[in-house]
Each structure stands twice: as C-alpha cells, then as structure tokens.
C-alpha cells in the first residue's frame, strides 16, 4: 500500500517542457507536460477513448492531444475536443493531479486534488540560491522500494563498507561517531560528529585541509519521501563542534527526494550544493561526479537488498545504529495508518 | 477466451517448406510442415514421448521426426514409428489440425478437425492474379491482442495522427469524410470518401495526379480475423464517386489477416497489391516498403495501447467514428457466445 | 518439492576461494567461501540485519563480512561481530549448511546439519587419480529441471538424434544395442553394448582403431543427483564383451553431478577423464572440448523440453528404452515420499 495523501517529487522543473513526459508514480501511469501558458499539468497517461498512453501524443496549446485519433484533454483532465464530433460528453475525462513548481522541483499530490495543500510541501530554499549554493541535479531510477533509499540515508555506518572508495573513511570512526537522534513531527533528525578524524578523499580533494578535521553530518527525514543532508568538515580547532562554526571548510547540502514508481522501484531525485569555492563551475561539476559515483555504489547495494528481501522479508535484527531508521519507520507507519483510515480499508 | 471454431491464417504458403515451422496460435504450440507428397500438415508441437517440441526435429517423407529419440508422426498426429520398438501403441498420437492452402495462404481450423468446413474460408482471389494485382507479402509479429489490429483498421480517423508522415493527409478531411457503414452477416463493411482532397505522399509518389483527387476507402471485416481493404483515388472529375469509375488512378488492395498467438500477441499477415503500373516490379517493391513503414507506425501505437489496456481496461468512451468498430465487436461477441455454447461453459 | 535430505554437488573444490561465491541451490540463496583456516563454509546468502546478500561482502579470517554495515558471521552462521556495538544478541544468526570436500567436489547437505552423514556421499575416486584418469571439469547452468538431465543420461537412444555430429553413431545400432538394466539400492544401473559397430567420430579421432569396434556404455545413477558413466570401445576380437577386457582401446569416465537451482533450472557439474594417452595434455583438452560440444547439444534439447513440459506435462508415453529412466523415477519418488514423511506434509 502506498501513502497517497502526500506530496512527492514528480520531476525537476527543468525536465518538464512542451513535450509530454511519461512517469509512473505510486503505480499510476502519469503524463506531465507544460502548457502554452507555462503551467505544468499532470494527468493520467491514458486516453479514455481507446486507452493509448497520452505521452505518445503531443502538447498543443493548453491541451495534450492523443496520438491515435486526436482527442485532446485540458490540464484538469477534461476532454477538450474530439476531431469530427461537435459534442463532447461531459463525463469524458481522465484523472488529473495537483502539481506545484517550487524550489526547482515539481511536486505532485497523489491523493484527491481537493485535498492538496501546498503548505505541506517540504521547503528547500537552497535550490533558489545558486550564488551561495551552486548545484547540479539528477534523476536516478532504482529497482528497489523507496523505503530502502531512506533507510540507507539514516544509518551512516554503511559509509565505511559501501563507500570505501569515495566518501567512506574508516569503520571505527563511523561506528564510534557522536550521534544524537531526535524524533520530529513529520520524521526524524540526527547529527553525527566524527571529531578529529581523517578527511575522506572527496573532502580532501575539494578543500585544502591542514590535517585532521571535525566532520559533521546533519540529516533530517520528512515523511514520506524527503531527506535533507548538511554535511561538512573544518580543520580541528576551528570550533565547528564547540562553537557551531561552519565557515571556511568543506560544506555540502544534499537534497534527497525519493518517490515510489512501483512497489519494486523508485525515482531518486538528488542535488548536491557546495558551500565552498562557489564561483568555480568545475568544482560544481566535480561534486556532481563524486556524488554520482557514491550513489552508484548505493544503487548496487539497494537493488540487491531489495531482491533479497523480496525473497524473504523476515527475520531482521536491528542494531544500535538503527535508531533513526526505526523512528522514521514509525513516521511512515503513522502515515500508512491514516491512509487506511481515509480509504476505509 | 479464444474463438476456436474458425479459420485463421496460419502462414503464407511460401513459408511452409520441408523443414518444420513452429508457430503458436491461439495459445497452442503448433508445428507446420510440408510432407514429401506436397501437402501441408499442422500438428501439436510436442512429442508425446518426452515432450520435446517436434519443430526441433526434421521432416522425413510424410512424417515429422522428433529430434530427441527419433519418434515419428504422420500429418494426422498418429505415431508412425518408434526406433527399436516394433509395436506402436495406437493411442500414442498428438493433436492435428485441419489446414487448407488457398489464395497463397495456409488456413488453419482451430476447432475439431471434423468440424472444419473449407467453404467458410474468406476468399481472396486477387492473390492468384499477379498480372492485374502484383503484390508482396509479410508476416508481422505484434505484442498486442489481435482485436486491436482489427479495431485500428475500422476507425480511419487515426490516419491523420498515426500516419502523418506516410498515408496520413489532414485531420479535417478525415473526420469529415463521407462515411457509410453496413453490418454484414459475418462482420461489417464501410466506405469512406475524401472528395476533392489533397493526395497523400504515398499516392502522389505512385501516380501522376493533376491536383486534387476523389479518394475512396472500402473496407470489409470478416470475423474473426480478416479485413479486406480496397482504396484508391482518381483525379477530381473522373467520376470515381458519381459513376463508380475505378480505372486509371491509384488503386490498392490490401489483405489483412490477423491471428492470435496468445492473449497478448498476434501475427499480422498482410499483402499489398497495386492496380496501376502493374508491370513495373520496382513499383511493387516501393509499395511494400511504404506499407511496411505505415504498419510500423501502427505497431508502436498498438503495442502501447495493449500494455495500457492491460493495466486498466475500463472505462472507455466511443466516438461517432467508432460505428464500424462497435458492429465488428458485436460480430466477435456473437462468435464468442457460440464458442461458449459449443464448449458448454 | 525438493529432496532436501540428501548430498548434492555444490561446486568444484577449485571454485571456492577466499572470495564469496553466491549460488542458489534447491531454491535457497547460499554463499560459499573458504575460511582463513582453509575449510569451506556455506551459509544463507542474506545478512539478518538488513537483508543484503552476504556474497556482496568479503571474507575476513574465519568470517564473512556483510558489505552494507560490516556485520560478520562465522561459518556456522553465528553472528561474530557488529561494528560499534559490543553486545551481539545470541539469536542473531543465519542458516548454515554441512559441507564436505571430497573427490575434488564440494558436497552440500541441504537438510538439517545434524542429519548430515558423510558416509552417504557418492564416492568418485577417479578424480583423485590424475595419472590414470587425467580430466578437466566444468560447471554448466541449464534452464531445466535437474530430473531432465538425469532422464537424458538414462536413455541413450537419443545419441543418434541429438548427437549426430559428435558421439552419435547410427540409430539402428543404438536402438538394437544389447541392453541390461538393474535396479540398485539407491538408483539404477545399466550396460549397453554396441557390438561390431562403427566407432563414432569422437572415438576414432582419439584412438587408432583397425575398423569396427565393440563399444560399451556402463551407467549408474545414484539418487538424487549423480550419474557415473564408464564408456569405451576396443577393436572387435579383443574380448571386451566376452572376457571383460578394457585395456588398450578408448575408455572414458564421465562424472555427472546435477543439482537443482530452482524448479526450472539446475547446475550440471561434469568431468571427463580418459584412460588412454594419459600423458598427453592436448588429449585431455580435446576430450573436454568434445564433451562441451556434446553437452551443448543436450542443453538445447533439455531447455526446449523443459519449456514444453511446463506448458503441458501430460500425457507422456514410455517406450521400451525408458526402462532405466522409469526405475530412476521410482528411486526419486521414494526419496520424495520419505521427504514428505520427514517434513510431516
């Protein structure tokens, strides 16, 4: 069962042009397009005349036109015209979805349009600040449940094993990190400190550290599908930990948006923004490449894990590092319970 | 459920040689072969000794010989010989099918052999007349229900959208065409006239028209799997519409035979015969290439439509252009009802 | 249903190094690895923390370490350590399997470890005698039930049809071979004699025969998954048949070990040992190539047969050549019956 009454990332704003984009979300085939007036629309990717996916058609003015017999639809799903037939039956319409463009992201509400309240969209202002936080973005398709992607982000002891060659660092440091976890209204947040530790290759390549560093990892999960990450490091003695100083070292903000495609696959929308050497485009590019490599390492693990859990879900045992994950799970379970209540099942 | 008590095209006569041809029809694996005596045979593609498909074996004389332990079968499915065993149990036999070679096609009756009445085979004499109607033939595999292929042929308003680059023409002309539909005993027929219209590229490339043309499209569907098409155009003023003149312009006869492979796939047997410039082989070839391109455009639509309808069959709405399709559906439903009656389900 | 209380070949000894080897046997994902101490271990290929296949991790000392969060396991499945957590819950363990290295093979008992009695492992001493029986080995993956591989070996009349181009010989000779079949305690054995017959290409290429030969085929099936083959030929008049002489001609010992991967696939472990020209490595190599070609011919048949039987299992008819196969089937059915008894189903 999916959590339908929620906002998810459907796409990057830059992905939606005046040509149809087909994307299955929460098991529903959807076509996204930008109307002549500029607004983004999302409707069911299925003409209700003969069933052809509308994504095989084209955008004309405010409508999307079916590529089979030319029937067109408004952004709200209403049939606009049938070639050669003056009367358009009013009940001839397809499902539409509420969509909002915000912070470079296209957000979609998968429940009823009337229930869509844009106040609930998790904000990410850094995407609007290319001067302080230059970034590149990516849409990654993964053959795993979206929940495994979130789990992965909430137990960082995996860094020493999965990301040996990139952001890893040594296992001891990771598993002995200072670690404080707090439940929030819509999820969980945690801070992890690797004090007086060796900077990993990705960090050291980006910034000239003098030697060992104090490294922080600030994460917040907002159910059902967003994780904010703010990580960085300063030379030991700069007061990163003691005085909250964040200036002058390595600083990354990563946006993670995960949206189920099906029960067995998801879209992973991420961006990497850097708070150092902001006016060097090659640094932005290098960060993007480094994150791509890192997340490719995760992809191998997540897809193998998903296949394994599909074969056998139980039993699993938690460790002390699973605290944030367990709280996140409760947040998702709460949303699922409300979902069942709303749908009366 | 399939309509089994019916004749279907199994293959082109030219496809059946002295080597086995494996083809699944209506969900049943069948092997077709030409016996030494020349007659075509069709039997179950499964040796009843150890189950190997007989199509992996070879044709020897009047029999097909299994490629595993050499057991051979007659064209009527009776086991002919078991190497090294003198006694052949009489009940050791496999299913056989009634087949008839006619009009360059191999027709197969998918019900009981005893019920096969060749009088019911839809005739197509033009295949025997290479002088007046030179043609080339093709067997196309499609991942869609055979019914969608028939539907496609019965609503020609798709030409302006699907076949823009080939036989399309403009949408207005198509949807405003004169259109008369008649139910027949075994299906439906219709005539469509595009009077005083611009000839489409395929037509104009084939014949020197003076300018605008009167264009006809004559279709007849014979359930469950045949559509006859006779289309053409004459210069305006030649009396094509008013006097029934068909001489001297562009004239095409297309045979469409569609046979289910499974519920999700079919074989589409088609030929294109031209009634102009009959002694120019390159014209026959050019027509074949043009039709191949056109039907490749249909294939994209039909396979996407099938996948979409598999996900969600209902609801669908008909337009005024669906009249012929709706009558055809009734003809198929009538056959299905009889099928249920015969099978007692 | 699988016969779980039995020894199967899991791998060749040479396949198991200090890196994990993933292999699904009887539907269970297993990881095999060699510990620092040298012993082979086999455990469930699934970390019980978050479900990742352990085969994506690495071997460290006596343990296998998960590639996700570094949790490690002993060869008996007990969790050895959790990075950053001093307490290891005693019930945190995964399934382990009894394994024995013998005769160059790694044998695995798929039932409970406590029931594993190595006395029941089918012996094959020839693998230990590279002087008299030089050989090469192979692991072949087949998309068919393991039972079809055994069936194939027990009805040699297939040689004339499947192996025309390799070890075939003529159909008449095969189906008229002298043939004696004996049920054994754990399976069946048979001897087949082609007296005064033309040596097949593989034989003739290996040994200089004067002309026609007496050819024997000695087979023994040990349920559930082993077939011993001893075949060869001597010039007519050398007393192969009459006096049991086996010296100086062509002599092959082939080990066949077949282990189910799933209900629809299996691993086929085979070796080919030659009892002639033992100190010519190119002869060993040539034999390996010849057997590879031969078994590739079988693979085509077996996979097509499996797919066909999946579509329709019944009816099948036996011939007189199926005697050994029918007895083997009874031996397997007896094991299956005991299996049901043990599992109380």
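None of the figures in this text is laboratory data; all of them are computed from the coordinates on show. Nothing here was measured: the structure is a model prediction, and the numbers come from that model. Methodologically, a virtual Cβ is constructed for each residue, glycine included, from the backbone with ideal geometry; neighbour enumeration extends over all protein chains shown.
What to note about this one:
- R0 of 41 Å, Cβ-Cβ distance residue B:112-residue C:22: FRET efficiency to nearest 0.05: 0.20
- Using the empirical formula 2.2 N^0.38 Å as the baseline, the Cα radius of gyration of chain C reaches a ratio of 1.10.
- Relative contact order for chain B, counting Cα pairs under 8 Å that sit 6 or more residues apart, in percent: 17
- Three-way shape label, the range A:277-345, alpha-carbon gyration tensor, a/c 1.5: prolate
- Efficiency of FRET from Cβ geometry, residue C:208 and residue A:318, R₀ 51 Å, rounded to 0.05: 0.10
- Taking B:213, B:326 and counting other C-beta atoms within 10 Å, the order from fewest to most: B:326, B:213
- Label-zone membership for the range A:258-272, site residue A:140, 7 angstrom Cα→C-beta point, backbone N under 12 Å: A:258, A:267-272
- Measuring from each Cβ of chain C to the axis that turns chain C onto chain A, the shortest distance belongs to C:264, 12 (residue, then whole Å).
- Taking the range B:7-120 and dividing mean pair separation by its residue count, relative contact order in percent (alpha carbons under 8 Å, at least six apart): 25
- Measure of compaction for the range C:7-120 (Cα Rg per 2.2 N^0.38 Å): 1.02
- Three-way shape call for the range A:50-89 based on the alpha-carbon gyration tensor, with the a/c threshold at 1.5: oblate
- Placing a label point 7 Å from the Cα of residue C:89 along the Cα-to-Cβ direction, the distances to the matching points in the other copies come to 5.8, 5.8 nm, shortest first.
- For residue C:128, inter-copy label distances in nm, listed shortest first [label point 7 Å out on the Cα-Cβ vector]: 7.9, 7.9
- Burial ordering of C:335, A:291, fewest other beta-carbon atoms within 10 Å first: C:335, A:291
- Once both labels are positioned 7 Å from their Cα atoms along Cα-to-Cβ, the gap between residue A:246 and residue C:338 label points is 6.9 nm.
- Three-way shape call for the range B:174-287 based on the alpha-carbon gyration tensor, with the a/c threshold at 1.5: oblate
- By the Kirkwood approach, averaging reciprocal distances over each pair of separate Cα atoms, the range C:112-211 gets a hydrodynamic radius of 17.1 Å.
- Between 0 and 90°, nearest 10: helix A:281-311 axis offset from chain A longest Cα axis: 80
- Note on the range B:183-234 and the range A:42-86: Cα centroid distance 27 Å, given to the nearest whole angstrom.
- With Cα atoms defining each centre, the range A:289-313 and the range C:103-146 are spaced 35 Å apart in the structure.
- Degrees between helix B:323-343 axis and first principal axis of chain B (Cα, 0 to 90, nearest 10): 20
- Where a label projected 7 Å from the Cα of residue C:183 along Cα→Cβ would reach, residues of the range C:203-239 with amide N under 18 Å: C:220-224
- Residue exposure proxy: A:76, B:218, ordered by other Cβ atoms within 10 angstrom of their Cβ from fewest to most, comes out as A:76, B:218.
- Largest-first ellipsoid semi-axes for the protein assembly as shown, taking √(5λ) over the Cα gyration tensor eigenvalues, angstrom: 54, 54, 24
- Pseudo-label separations to other copies for residue B:316 - Cα-to-Cβ vector, 7 Å, nm: 4.1, 4.2
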